[in-house]
1. Give the residues of the stretch 34-69 that are closer than 16 Å to Ser102 by Cβ and touching a Phe, Trp or Tyr at 6+ places or on another chain (Cβ under 8 Å), sorted by residue number.
2. Assuming Phe66 fulfils every condition listed in (1) over 17 Å from Lys2 (Cβ atoms); (2) over 14 Å from the mean Cα position of the chain (by Cα) apart from one, which condition is it?
3. Right, Ser102: over 20 Å from Ala185 (Cα atoms) and among the small types (Gly, Ala, Ser) or not?
4. Considering only the stretch 47-54, I want to know if a residue exists there that is within 16 Å of Ile190 (Cβ to Cβ) and of a type in the set (Ser, Thr, Tyr).
5. Identify the residue in the stretch 4-35 that is without any contact (Cβ under 8 Å) to a residue 12 or more places away in the chain and part of a helix (DSSP H, G or I) and, among all such residues, is surrounded by the fewest Cβ atoms within 10 Å (Cβ to Cβ).
6. Of all residues in the stretch 1-36, which are over 18 Å from Arg64 (Cα atoms) and aromatic (Phe, Trp, Tyr)?
7. For Pro119, state whether it is under 19 Å from the mean Cα position of the chain (by Cα), within 23 Å of Gly193 (Cα to Cα), surrounded by fewer than 15 Cβ atoms within 10 Å (Cβ to Cβ) and not aromatic (Phe, Trp, Tyr).
8. Report, by residue number, each residue of the stretch 173-196 that is surrounded by fewer than 22 Cβ atoms within 10 Å (Cβ to Cβ), under 18 Å from the mean Cα position of the chain (by Cα) and farther than 15 Å from Pro89 by Cβ.
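What follows is calculated from the coordinates using simple rules that are stated; it is not laboratory data. This one's a predicted model, so the numbers in the text were calculated from it and none came from an experiment. All Cβ positions, glycine included, derive from the backbone under ideal geometry; neighbour counts span all protein chains shown.
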Amino acid sequence: MKVLFMCGYLPEAVQKCEGDWRDYHDAALFCQAVRTGEFEHPFAIHTQKEPVRVQEKNVGVARRAFGRFIERRITEEVSWPSPVLVPMPSEEAVIGVGTFRSWFMLNEAMAPTELKLSPVDALFWRETPPKNILDAGQELLPALAPELICDFPLRGQAVVLIDDLVSSGTTLLAARDCLQREGAAVLGAIVCGKVIHDFKTPAFGRQEFWVDDDVAASPS
């Protein structure tokens, strides 16, 4: 499955803001601001000719920047016509809840765009997932997919999954499998940050990878 992403998320970079770490420090804080909607430390978004400086008073620009990224990438993907945007369920998104963090994040990100009516809160957990679910390896995929439930009629609909961070990609594959069982056509996913552990992936950029290949290459 094709995954488009905006940032290389280097967790250690949050504590370092000098030399080679500087852009990754900004990318890590940007991803956290998108994820939580909250301000921790000043950072810059390096997606334009001049970096956009973010302080507490304008922290909302982070989610809006992610929303514009989603809109642009969908427009560029000619095989992704008018998809429904489905947020990956955050930890508290157990079936029956009224709202959840990733649903609110996506709505806030897309509000200023032409795709503001595209988000659908279709995916939920059957029960609260383990805290380390983002790091689930390929071997857990068969057990993970049944823990997700689709609570919206998506049969025949084109879907793009949206998430703040991707690590191994196993949860994205589990979500794809869940939605495909319901008859949806999952075109791919767009995420804010891809978890990395070196400087090979740029801190900011229009980037992509195939999550099936990454998962298949993971040690079992």
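1. Of everything in the stretch 34-69, those that are closer than 16 Å to Ser102 by Cβ and touching a Phe, Trp or Tyr at 6+ places or on another chain (Cβ under 8 Å) turn out to be Val34, Gly37, Ala62.
2. (2)
3. Working: over 20 Å from Ala185 (Cα atoms): yes; among the small types (Gly, Ala, Ser): yes.
When the stated conditions are applied, Ser102 passes them.
4. yes
5. Per the stated criteria, the residue is Gly19.
6. Passing the criteria: Tyr9, Trp21, Tyr24.
7. It is false that Pro119 is under 19 Å from the mean Cα position of the chain (by Cα), within 23 Å of Gly193 (Cα to Cα), surrounded by fewer than 15 Cβ atoms within 10 Å (Cβ to Cβ) and not aromatic (Phe, Trp, Tyr).
8. Those that are surrounded by fewer than 22 Cβ atoms within 10 Å (Cβ to Cβ), under 18 Å from the mean Cα position of the chain (by Cα) and farther than 15 Å from Pro89 by Cβ: Leu187, Val195, Ile196.
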